[in-house]
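Participant: Submitted below is the structure of interest, expressed as structure tokens.
The values are calculated or read from the model by the stated rules, or taken from the named source; none is laboratory data. Bear in mind the structure is a predicted one, so any value in this text is a computation, not a measurement. Here Cβ is always computed from backbone atoms with ideal geometry, including for glycine, and neighbour counts include all displayed protein chains. Note: areas computed on protein heavy atoms with side chains; ligands, DNA, RNA excluded. Shrake-Rupley method; radii C 1.70, N 1.55, O 1.52, S 1.80 Å.
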Amino acid sequence: MPQNSSPAQSPASCAVQVEPLRFDSGPQPFAIAEVPVETPVNVVYGTLPYAVMMASPADLEDFVVGFSLTEGIITGVEEIREIRVTPREDGIVVSVDLAPGRFREHLARRRNLSGRTSCGLCGVETLAELPVAERLSRSRSAVTPAAIRASLAALEGHQPLHRLTRAVHAAAWCDGEGKILAAREDVGRHNALDKLIGARLRAGHGTDDGFVLVTSRASFEMVEKAAIFGAGTLVSVSAPTSLAIERAKRLGLTLVSIARSDAAMLFTGTLAHEREAHTS
């Protein structure tokens, strides 16, 4: 797809005045704190609004590509003809032009998702409509514990907005050695993962020999998005939910959670031992 030009990105954070509180002493001088910007993002396909997401205003082209894939609107980035980002006083409109055939299919399955909150299920009316990922591709090599540890050690260096605000999530794509090749941040954990997926798709990269690392919990939706993208392993800093574990098993996804610098828990799948990784 073309690398579309867009207006300059809105600031991802803003300065606000706060009053520090000390429970063991009196009033403190006012201070300035950086907080993340959260803005409504209206995703429009053709001329038809599809969803309003609350998101950080950075990397919106990446976001809409990843969102379109994980929502099932596209099956590949080549089905998007153009993306236009239009800032407005009350939010941002991201307009997506789909290939004609794909747009017709989108119209046939269009759902009413007004007021969607990014949870992935707010427009679903019956249990039968719960999304189920298909096995699009899988990493060929199992991930090693050393690679996970290396990615965790490097993660903070790829979270500039979090260092500034301490209030956003990150999603990163890591290679087989744990080197972070791409990372995206957002106030929403789903949005951060969609941005990462979109960035990798737009750059023409696949999912061989690597894994997804997220700073959030591993929920049903995060497992689904990772699987739709084709990742073979999802590593999360926080714990998984029961449904996330069930779906990961069903999809053959390796799920590593509660990941810390010195330990983690393997909930589904397998990891490679260091000796196996060197001989494979």
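Participant: I'd like the residue in the range 7-19 that is open to solvent by 50 Å² or more (accessible area, probe 1.4 Å) and either of a type in the set (G, A, S) or modelled with pLDDT under 90 (or both) and, out of all such residues, is farthest from the chain's Cα centre (by Cα).
Facilitator: Looking at residues that are open to solvent by 50 Å² or more (accessible area, probe 1.4 Å) and either of a type in the set (G, A, S) or modelled with pLDDT under 90 (or both), I get E19.
Participant: Name the one entry in D209, D194 that is acidic (D, E) and either closer than 21 Å to S261 by Cβ or modelled with pLDDT of 95 or more (or both).
Facilitator: It is D194.
Participant: Of everything in the range 158-200, what is surrounded by fewer than 22 Cβ atoms within 10 Å (Cβ to Cβ) and in a helix (DSSP H, G or I)? Give them in sequence order.
Facilitator: Selection gives H158, P160, H162, R163, L164, T165.
Participant: Sticking with this one: Just need a number here: residues in the range 28-57 that are more than 26 Å from G101 (Cβ to Cβ), open to solvent by 20 Å² or more (accessible area, probe 1.4 Å) and part of a loop (DSSP other than H, G, I, E, B).
Facilitator: Result for the range 28-57: 5.
Participant: Here is a follow-up. Report yes if L121 is modelled with pLDDT under 85 and more than 26 Å from A203 (Cα to Cα), otherwise no.
Facilitator: yes
Participant: All but one of (1) within 30 Å of D262 (Cβ to Cβ); (2) at pLDDT below 95; (3) assigned to a helix (DSSP H, G or I) hold for R138, so report the exception by its number.
Facilitator: (3)
Participant: Just to be sure before I move on: is R84 open to solvent by 50 Å² or more (accessible area, probe 1.4 Å), in a loop (DSSP other than H, G, I, E, B), of a type outside the set (A, V, I, L, M) and out of contact with any Gly (no Cβ under 9 Å at 6 or more places or on another chain) in the structure I sent?
Facilitator: Considered against the rule, which asks whether it is open to solvent by 50 Å² or more (accessible area, probe 1.4 Å), in a loop (DSSP other than H, G, I, E, B), of a type outside the set (A, V, I, L, M) and out of contact with any Gly (no Cβ under 9 Å at 6 or more places or on another chain), R84 comes out as no.
Participant: So for the range 242-249 (the condition being touching a strand residue (DSSP E or B) at 6+ places or on another chain (Cβ under 6 Å), of a type in the set (D, E, K, R) and over 20 Å from I73 (Cβ atoms)), does at least one residue qualify?
Facilitator: Yes: one or more hits.
Participant: How do the pairs read when you match residues in the range 176-194 that are closer than 24 Å to D209 by Cβ with residues anywhere that are outside any helix (DSSP H, G or I) and aromatic (F, W, Y), using Cβ under 8 Å and keeping only pairs 6 or more apart or on different chains?
Facilitator: I180/W173; L181/W173; A182/W173; A183/W173
Participant: Additional query: Please state which of the following conditions Q17 fails to meet, knowing it meets all the rest: (1) more than 19 Å from G188 (Cβ to Cβ); (2) not in a strand (DSSP E or B).
Facilitator: (2)
Participant: Looking only at the range 140-157, filter to residues that are surrounded by fewer than 20 Cβ atoms within 10 Å (Cβ to Cβ) and not hydrophobic (A, V, I, L, M, F, W, C); which one of those is farthest from V223 (Cα to Cα)?
Facilitator: Among those that are surrounded by fewer than 20 Cβ atoms within 10 Å (Cβ to Cβ) and not hydrophobic (A, V, I, L, M, F, W, C), it is G157.
Participant: I would also like to ask the following. Out of curiosity, is V77 open to solvent by less than 40 Å² (accessible area, probe 1.4 Å) and modelled with pLDDT of 85 or more?
Facilitator: yes
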